[in-house]
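Written below as structure tokens is the structure these notes are about.
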Amino acid sequence: MKWSWLIVALGLALPAASIYTLDAREIAVVTSFGAPVKTVTEPGLQLRAPWPIHTVQRFERRAHLLNIEPTELLTRDKKNLVVEAFVLWRVADPLRFLEAVGDAETAEARLSDLVTSRIAAGLGQQDFDALISADRGYAPLLPPQVLAEVAPISSERLGIEIQDIRLGHLGLPLQNEQSIYERMRAERKRIANAYRSEGEEQAITIRARADREAAELTSAAERQAANILAKAEGQAAGIYAGAYAADPQFYRYLRTLDGYRAILGEGDTLVLDSRDGLFEELR
């Protein structure tokens, strides 16, 4: 009787142990005593031989973000830079991944070494001033060939797809930072002084030209005013001469009255010699 219950229990347990579920966020490799048997990429219910005959090794299907530790590198002109990079990767070939690294921690250690060496080679082909210059605009600091070189190596050797490699930070070593900043300040000050000197020189030239043009305009206006005044005085003299020739006595009388208006105001007292010409008309 005991044997019959044992057989029934085994008959129920074996099918349950042979069924497993694969999540949509996972991919897996089925191994038999450590040797790979098959790769499973479709999610849902799956069949296998019971443990320990078959074992399911699961891996994350989604992308992983690897932040590489700050690394000090040399530029082409032998200047030090501190670089922090990040890598976006995922398991593309679970069988190769299992055979090459086995888990995500080991994979990221291998990737970190590979990416760091390629970044060092890429930045080592550029000068320090070119990397930190403001004239770069939005040009990428990381050469495109870094991704192009890392992607096939990681795919063939590790079963990993590299989706992107970017620089998170590009800085200076602490011991060099202050001297670099001082040199940058001195360079900016030199450029600013050159701009100021050039501006002052242009301002002097502009002021001299404006003063010369103003003097020329003033001189021309004064000449024109003198000509107009001379012409008006000539015309006035002609009018006076014509009036005097028409009636000299009446002309003298009008001129005398004009003289009275010029020298006398309301309530004024005028003392004249009886022989004075002005007194002549009052008599």
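The values are calculated or read from the model by the stated rules, or taken from the named source; none is laboratory data. If you're wondering where the values come from, they're calculated on a predicted model, not measured in any experiment. Counting neighbours? That spans all protein chains shown, and the Cβs are built from the backbone with ideal geometry, glycine included.
So, in the stretch 80-113, of the ones that are in contact with a His (Cβ under 8 Å, 6 or more places away or on another chain) and not in a helix (DSSP H, G or I), which residue ends up farthest from PRO173 (Cα to Cα)? It comes out as ARG90. Flag: ARG118 does not match the condition of being closer than 30 Å to VAL56 by Cβ and assigned to a helix (DSSP H, G or I). For TRP51, indicate whether it is of a type in the set (Phe, Trp, Tyr), outside any helix (DSSP H, G or I) and free of Cβ contacts under 8 Å to residues at least 40 places away in the same chain. The answer is yes for TRP51. Taking the criterion of being of a type outside the set (D, E, K, R), within 30 Å of GLU26 (Cα to Cα) and assigned to a loop (DSSP other than H, G, I, E, B), the only residue of the stretch 67-79 that qualifies is ILE68.
On inspection, ASP93 does not qualify as farther than 24 Å from PRO152 by Cα and in the same structural domain as ILE160 (by TED's automatic domain parsing). Checking every residue in the stretch 28-43 against the condition of being outside any helix (DSSP H, G or I), surrounded by fewer than 16 Cβ atoms within 10 Å (Cβ to Cβ), assigned by TED's automatic domain parsing to the domain that holds ARG166 and not polar (S, T, N, Q) gives zero matches.
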